Structure formats: C-alpha cells, structure tokens
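Asks: If you scroll down you'll find the structure; I have some questions about it.
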Amino acid sequence: MAENNNGFLKRADEHIALANEQMNDTTTQGDVSASFMYAAARFNAWMAATSFEKAEDMTKEKDKIVEYFLGQYELALKEHIDFHVQNYDFGEK
C-alpha cells in the first residue's frame, strides 16, 4: 500500500490497538474478534444505507453490497495470512 494513504493504516492500527486493549483474563482473542467483526459489519451496513434514498433500493442491491464487503474482507484476510505464514515464528511457546 502506498505511503500516502490518507491515514488508512493509522486508523487500522488504532482499531487493532483497541482490540488488543480489550483482551484480558476473561475476554479472549475469540471474544474480541467476534465483537470486532460484528462492529465492522454493523458500521458497513450503516455506511451502505447512507447511499440509498429508499429501503427498497437497498434491498435490491443487498447481494451486491454483501459481495463487495465479503470480497474486500477476503482479500485483506488472505494478505495477512500470507504475511504470517512468511514472518510468524510458529515455534513452541
């Protein structure tokens, strides 16, 4: 990603920092991940809704909206899995 990205990576890092802060003795990585994904879906649905004047119009485009966001998530997830495969120390912990 280009250096001049209008704060894209900074915002992403801030979300990740908040997620890391939420983990503790009673809140697991899985708990935080589930909340994080739910929040992203909720925000993205709201954002998509702001693009329409009528609910019927959004309903007609629902499959395209879902396809777009799933595709973007898949690209990012694959990119980061590849990064960890290449760089993470999978040695015994």
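A short reminder: the numbers here are calculations on the coordinates, not readings from a lab. What you see is a predicted model; the values in this text were computed from it and never measured. Cβ coordinates were reconstructed from backbone atoms using ideal geometry, including for glycine residues, and neighbour counts include every protein chain displayed.
Asks: Can you give the charge dipole size of segment 8-91 about its Cα centre, rounded to the nearest 20 debye, using +1 on the beta carbon of Lys and Arg and -1 on the beta carbon of Asp and Glu?
Replies: 240
Asks: Computed FRET efficiency, Cβ-Cβ of Gln22 and Ala49, R0 30 Å: what is it to the nearest 0.05?
Replies: 0.65
Asks: If you don't mind, another one. Choose one answer from Phe52, Phe43, Phe83: the residue with the largest mean-square fluctuation in a GNM of the chain with alpha-carbon springs under 10 Å.
Replies: Phe83
Asks: What ³J(HN,Hα) values, in whole Hz, does the Karplus curve 6.51 cos²θ - 1.76 cosθ + 1.60 give for segment 54-60 when θ = phi - 60°, with x put for Gly and Pro?
Replies: Each residue of segment 54-60 in turn: 9, 4, 4, 5, 5, 4, 5 Hz.
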